[in-house]
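Enquirer: This is the structure I have questions about; it appears just below.
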Amino acid sequence: MQACRSFLDQRQSMNIWRFIQTINQRHDLTESLKQLQCRTLIFVGENSQFHTEAVHMTAKLDKRYSALVEVQACGSVVTEEQPHAMLIPMEYFLMGYGLFRPSHVSSSPRSPLNPFCISPELLSPESMGVKLKPIKTRANLRV
């Protein structure tokens, strides 16, 4: 703590002190989450140090407007570690609300939009927007 204070004193970083004070003075938003009605898609790596918090927050959100995607073999930064694991869940999340329509469905067997590549639970009415449920992605670890 002393080293941190010394470093900040040397840099005269008042903005960093304000940021730290703001974090320490935040109030708990958990009770207000049920009233949140914006669409929310939470990505978390199964090995993330924030996994428990993501599951907790998702449990508090209204299921009609939110979904949790747990990315296997991934840590805290899903966008950097496995960005490809985000594509299909994002497409289905947006399609469930009518916000995304693929321009054409590919007939290639390797296409993520090919019906044979889509997990059956993703095609259920709940996951198409009526009532989204948590989705676990399965990423291929072969390089």
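Enquirer: Give the residue list of GluC sites (Glu not before Pro) in segment 5-88 that are DSSP loop and have at most 16 other beta-carbon atoms within 10 angstrom.
Expert: GLU46
Enquirer: Extension gain ASN15-PHE100, at 0.36 nm per residue separation less the Cα-Cα distance, in nm?
Expert: 26.6 nm
Enquirer: Okay, moving on. For a distance above 18 Å, tell me the whole-number percent of Cα pairs in segment 36-101 that qualify.
Expert: Roughly 38 percent, once rounded to a whole number.
Quick note: the coordinates plus some simple rules give every number you see, no bench work behind them. A quick note: this is a predicted structure, and the numbers were derived from the prediction, not measured. As a convention, Cβ positions derive from the backbone with ideal geometry for all residues, glycine included, and neighbour counts pool all protein chains shown.
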